[in-house]
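Below is one structure; the comments refer to it alone.
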Amino acid sequence: MFGKKKRIQKEIDQQLLVNIKKLKKEWEQLNRIIEQSIDPSDEGLQDLALVKAKYFYLLREARNRELSALSK
């Protein structure tokens with residue numbers, strides 16, 4: 001029973017790290033687009049703020065779980 005809980009928690013932790021990496025790439029991509037835009041749209045700025053908020057939320061969650069991308 002305890003082994004199953006640890007396995008499930010480890011899978012969730014790995015998925016959290018994958019989502020963090022994905023959101024970081026998306027945030028960087030949106031940021032480049034906004035920086036290169038002459039007149040960035042409000043929708044683009046809102047998307048950037050949303051992705052940034054999600055990214056930092058997941059980083060905080062990983063910190064609370066004491067996760068590291070380097071630990072395997």
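Read-outs: derived from the displayed coordinates by stated rules, not from any lab. Quick caveat: nothing in here was measured; it's all calculated off a predicted structure.
Side notes on the structure shown:
- On Cα atoms only, tilt of 2-36 relative to the major axis of the chain in degrees: 10 degrees
- Our coupling estimate for region 47-53, obtained by passing each phi through the Karplus curve with A = 6.51, B = -1.76, C = 1.60 and θ = phi - 60°, is 4, 4, 5, 5, 5, 4, 5 Hz, Gly and Pro reported as x.
- Residue-averaged [θ]222 nm for the chain, counting only DSSP H segments that reach four residues, each worth -39500 (n - 2.57): -29000 deg cm²/dmol
- Flagged links, alpha-carbon separation over 22 Å, of Lys21/Lys54; Lys4/Lys54; Lys21/Lys52; Lys4/Lys24; Lys25/Lys52: Lys4/Lys54; Lys4/Lys24
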